[in-house]
Amino acid sequence: MNYRECRTQGILATLQAIGGKWKPLILFLLLHEGTKRFGELRRRLPNITQGMLTNQLRELERDGLIVRRVYQEIPPKVEYFLSDHGRTLSSVLTDMCGWGFKHLEYMGGTASDDEAGEAAAAQERV
């Protein structure tokens with residue numbers, strides 16, 4: 001492996017773990033809103049299909065970024081929350097959010113006041 005390949009391995013590993021449209025959003029919600037049930041996540045991400053959410057949660061659990069807690073009760077109750085390893089993404093996710101708002105501004109788009117306030121609060125928490 002040459003020097004250039006070594007330098008890109010970290011980016012590739014990160015993209016493998018959190019890449020895509022939905023994983024960063026799921027992780028960001030769990031980071032800033034805490035433990036969520038499947039239905040709560042689905043409501044917060046209205047454009048995601050049930051199958052895609054299930055798939056993304058399974059992959060995040062497989063990669064050790066979230067924990068799936070199943071309660072043995074009827075009806076079944078399942079909760080998702082960030083693992084200790086998943087919490088290490090806090091600065092990455094917060095920086096992504098902040099950069100996204102700066103990029104929207106650069107491109108001439110505007111973020112709502114609520115979204116801008118959320119981004120500022122998220123960056124302050126880090």
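The values are calculated or read from the model by the stated rules, or taken from the named source; none is laboratory data. Please read all numbers here as calculations on a predicted model, not as lab measurements. Counting neighbours? That spans all protein chains shown, and the Cβs are built from the backbone with ideal geometry, glycine included. Surface areas here come from the heavy atoms of the whole protein model, side chains and all, with no ligands, DNA or RNA. Shrake-Rupley method; radii C 1.70, N 1.55, O 1.52, S 1.80 Å.
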Exercise. On the given criteria, is residue 7 basic (Lys, Arg) and at pLDDT 95 or above?
Worked result: no
Exercise. Taking into account only those residues within region 59-87 that are within 19 Å of residue 14 (Cβ to Cβ) and open to solvent by 100 Å² or more (accessible area, probe 1.4 Å), which is nearest to the chain's Cα centre (by Cα)?
Worked result: 87
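Being of a type outside the set (Ser, Thr, Tyr) and modelled with pLDDT under 90 is true for just one of 86, 109, 51, 64. Which residue is that? Break it down stepwise before answering.
Values: 86 fails: modelled with pLDDT under 90; 51 fails: modelled with pLDDT under 90; 64 fails: modelled with pLDDT under 90.
Only one candidate qualifies: 109.
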Exercise. Is there a residue in region 21-31 that is modelled with pLDDT under 95, closer than 23 Å to residue 100 by Cα and either within 10 Å of the chain's Cα centre (by Cα) or loosely packed, with under 12 Cβ neighbours inside 10 Å (or both)?
Worked result: yes
